[in-house]
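Asker: Got a structure here, written out as structure tokens. Questions coming.
The values are calculated or read from the model by the stated rules, or taken from the named source; none is laboratory data. Predicted, not measured: the structure shown is a model, and the values here were computed from it. Heads up, the Cβs are rebuilt from the backbone with ideal geometry, glycines too, and the neighbour counts pull from every protein chain shown.
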Amino acid sequence: MTRLTILEYPDPRLRRMAVPVARVEDHHRRLIDDMFETMYDAPGVGLAAPQVDAPIRLLVVDVSDNNNDPLVLINPNILTRSVPGTMREGCLSVPGFFEDVDRSHEIKVSALDRLGKPFEMQAEGLLAVCIQHEMDHLDGKLFVDYLTELKRSRIRKKLEKEQRQRATPKPSRSPAL
Ligand code: ZN
């Protein structure tokens with residue numbers, strides 16, 4: 001398995017609309033395994049394929065305490081939403097920032113599993129929020145889009161600065177004389 005690079009806001013690749021998976025194949029299952037490794041390593045509780053530069057409608061989630069409840073959703077579709085609520089969210093593509101977002105806290109979803117078999121499930125609480133957050137990534141949407149313009153631009157500027165600092169090689173030390 002390979003640990004993948006997670007794209008960070010404001011990378012324009014995070015804004016692409018992801019395309020449905022026509023047929024679930026072995027290369028998708030390899031991507032799923034790599035995405036779980038990347039997510040557990042980060043660590044995070046959800047990761048969508050567009051975040052690792054694969055613009056397809058596929059996401060992985062594990063909200064368990066011990067990383068032992070992996071869930072794969074391919075071409076997910078929300079059938080019903082209920083119980084409005086607010087939860088503090090973060091995102092592996094927006095590292096270091098956590099903000100309150102309003103979402104439904106109970107949903108019913110249909111999707112394909114890693115073998116391409118259709119299924120439906122109910123989700124509530126953190127799992128419901130996490131699935132909706134990851135599904136937003138499939139539509140090029142990020143949790144910062146729910147914030148005010150002012151907050152969003154503050155976050156963008158801070159992350160751009162960090163990204164610039166990471167990209168600039170450290171100057172070699174001059175000899176001490
Ligand atoms: Zn995210």
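Asker: ASP65 passes all but one of (1) away from the ligand (no atom under 13 Å from the Cβ); (2) of a type in the set (Asp, Glu); (3) surrounded by 11 or more Cβ atoms within 10 Å (Cβ to Cβ); which number fails?
Answerer: Looking at each condition in turn, ASP65 falls short on (3).
Asker: Filter the range 103-124 for residues that are farther than 21 Å from ILE32 by Cα and over 17 Å from the mean Cα position of the chain (by Cα) and give the result.
Answerer: SER104, HIS105, GLU106, ILE107, LYS108, GLN122, GLU124
Every residue, every condition in (1) in contact with a helix residue (DSSP H, G or I) (Cβ under 6 Å, 6 or more places away or on another chain); (2) within 16 Å of the ligand (Cβ to nearest atom); (3) of a type in the set (S, T, N, Q), yes or no:
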residue: ARG16; (1), (2), (3): no, yes, no
residue: VAL24; (1), (2), (3): no, no, no
residue: ARG29; (1), (2), (3): no, no, no
residue: ALA49; (1), (2), (3): no, yes, no
residue: ARG57; (1), (2), (3): yes, yes, no
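Asker: Go through (1) at pLDDT below 95; (2) among the aliphatic types (A, V, I, L, M); (3) assigned to a helix (DSSP H, G or I) for ILE155 and report which single condition fails.
Answerer: Failing condition for ILE155: (1).
Asker: Test each condition in (1) touching a helix residue (DSSP H, G or I) at 6+ places or on another chain (Cβ under 7 Å); (2) within 12 Å of the ligand (Cβ to nearest atom); (3) in a loop (DSSP other than H, G, I, E, B) for GLY44 and report the one that comes out false.
Answerer: Exception for GLY44: condition (1).
Asker: Just the residues that are among the hydrophobic types (A, V, I, L, M, F, W, C) and buried (at least 20 other Cβ atoms within 10 Å of the Cβ), please, taken from the range 33-51.
Answerer: Selection gives MET35, MET39, VAL45, LEU47, ALA48, ALA49.
Asker: Looking at the range 111-128, can you tell me whether even one residue there is within 16 Å of the ligand (Cβ to nearest atom) and within 30 Å of ARG23 (Cβ to Cβ)?
Answerer: Among the residues of the range 111-128, at least one is within 16 Å of the ligand (Cβ to nearest atom) and within 30 Å of ARG23 (Cβ to Cβ), which makes the answer yes.
Asker: Which one is farthest from the ligand (Cβ to nearest atom), of the residues in the range 91-109 that are charged (D, E, K, R) and in contact with a helix residue (DSSP H, G or I) (Cβ under 8 Å, 6 or more places away or on another chain)?
Answerer: Of everything passing the filter in the range 91-109, GLU106 is farthest from the ligand (Cβ to nearest atom).
Asker: On to the next question. Inside the range 76-90, can you point out the residues that are surrounded by 14 or more Cβ atoms within 10 Å (Cβ to Cβ), within 15 Å of the ligand (Cβ to nearest atom) and farther than 27 Å from GLY116 by Cα?
Answerer: Across the range 76-90, the qualifying residues are MET87, GLU89, GLY90.
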